[in-house]
Every structure is written in structure tokens, then in C-alpha cells.
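The values are calculated or read from the model by the stated rules, or taken from the named source; none is laboratory data. These numbers come from a predicted model, not from an experiment. Note that we place each Cβ from the backbone using ideal geometry, even for glycine, and neighbour counts take in every protein chain shown.
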Amino acid sequence: MSTAGGTDPELGLAQTSGALPDGRQRPGMFGVTGTGDTSGFSGLQREPWVELPAGRPYGGYFDEVMDAFAEAYPEAEGAIEKVVLHRGELTVHLRREHLARACQAFRDDPALRFELLSSVHGVDYLAREGADGARLHAVYQLTSMTFRRRIRLEVAVTTADPHVPSVTAVYPTADWQEREAWDLFGIIFDGHPALTRIMMPDDWDGHPQRKDYPLGGVPVDYKGATIPPPDERRAYR
């Protein structure tokens, strides 16, 4: 990230942690273009980047966890797309067909014991992956109460095929969390017992937290002036 006065010190961290693809930039704090940005952030420039796979040793307890997973899940090598270590946190990117069985191994193996699924949430990497890429990510935060450890699992899908296996049979707490990710991002969790909306009305059209979802709104009259709705006065990406 850079400003008119120089380079942000965190840019170096981003460059060492991941690759900066093809020089693309996202202007403004929220991708604002043109006029109307009164936030004071319009001078910021952020370069999208993707995480590079981490190499061994990962450090801390992460090597022990990944070694135990490889023993507990014989298909681990084919299941893992990459392992990312960033800011002291480990993220294991999995192929979606292995997700539920991998979660079973993380929960049940005595050397792993990730008994708690703390959260499931969605992310839309539209700017980084493009409209047709694997932009929708389902993210799973696992916690071991036995060993006081945390890791993250992540699965990526496209909007054309947004299917991910449900993990409700392994972690019952995923029930309402997967419903929220479906409601707001449109990720379909196959095998979920009742995949219905939980935040928006049942008849709502679309998934509001996707980056290309229209902001909408209504014009507002204020002291003789008409203020247009957000999607008519700024562009957000």
C-alpha cells in the first residue's frame, strides 16, 4: 500500500508473505472511483496479492500438527493444495472433496484433537480471482481445547459451481454458520440438514456480501437537496 508521500511499511511484509499479481491496484479505501469520496482515504493504493505456499519448518506447534494430520489422513498429500503461514497463523488450503473427511481426522485423532469448530465464514476475493475464478472461499477456524491450538482450513470455489461438503455431521456447530455463509455469499453446503436463509428474508434475491452485489438504496431529500442512493454516487469493489 502506498500514499502520495511514500511507501507504507507493511508493503514489505506483504511482498515477503505473498506474490503481487500483474501489478493491479485497487484505488481508494473501498475501491471508490471518480468524485464523491469524502472519507479522506482516496489517496491510498493497495496492490492485491496472493499468499505463497509456506515451506518447512513452519515453527511452533504447526509442524507437529501437520505431521500428525499426514499420519491420521493417508490422502493428506493429495488433499492439500497449499499451506500458508502468515502473521503467526497457519492456513491449510484443501480440495473441497476432502473437507469433511479431513475435519473428521482433525477432530478424532488423539494427536490432533481439534474438538471445536469456532467459526465458519465466507470471503469473496473478486478483485484477486476475477468474476470466473475460484473467488468464493469457505473458511473454517478449528480449535483444540486439549492442546490449546488453533489452525484454519480453507476451500475455494467458483460462483458457477459453489458447492462445498457440509461438515455438520462432524461439527454440529457448523449448522447455523453454514446457513449464514450460504445466505450472504451463496456457498452451497451439500448435505446440510436445512440450508435456508438465516439473516435475510426467505424471498431475498441474491447474496448481499458478494463483492458484485448491488448496494441499492433509495434517494433521500434533505434541506432541499436530493441525495442519491449509494450505488448511484460511488463505485465500490
**OP:** Kindly indicate whether GLY133 is among the small types (Gly, Ala, Ser) and modelled with pLDDT under 95.
**Re:** yes
Original post:
Taking the stated definitions as given, is THR158 over 18 Å from GLU81 (Cα atoms), modelled with pLDDT of 95 or more and touching a Lys or Arg at 6+ places or on another chain (Cβ under 8 Å)?
Top reply: no
Original post:
Exactly one of (1) buried (at least 19 other Cβ atoms within 10 Å of the Cβ); (2) within 18 Å of VAL164 (Cα to Cα); (3) in contact with a strand residue (DSSP E or B) (Cβ under 8 Å, 6 or more places away or on another chain) is unmet by VAL123. Its number?
Top reply: (1)
**OP:** Go through ARG96, ARG113, ARG107, ARG135 for me and flag whichever is on the phi > 0 side of the Ramachandran plot and surrounded by 16 or more Cβ atoms within 10 Å (Cβ to Cβ).
**Re:** ARG113
Subject >> Looking only at the stretch 47-67, and only at residues there that are in contact with a helix residue (DSSP H, G or I) (Cβ under 9 Å, 6 or more places away or on another chain) and not in a loop (DSSP other than H, G, I, E, B), the one that is modelled with the lowest pLDDT >> reply: VAL50
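Here are some residues: ARG150, ARG95, ARG128. Which one is under 14 Å from VAL65 (Cβ atoms) and not hydrophobic (A, V, I, L, M, F, W, C)? Explain how you work it out, then say what you get.
Numbers: ARG95 fails: under 14 Å from VAL65 (Cβ atoms); ARG128 fails: under 14 Å from VAL65 (Cβ atoms).
It is ARG150.
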Original post:
Which condition number in (1) free of Cβ contacts under 8 Å to residues at least 24 places away in the same chain; (2) touching an Asp or Glu at 6+ places or on another chain (Cβ under 6 Å) is the one that ASP161 fails?
Top reply: (2)
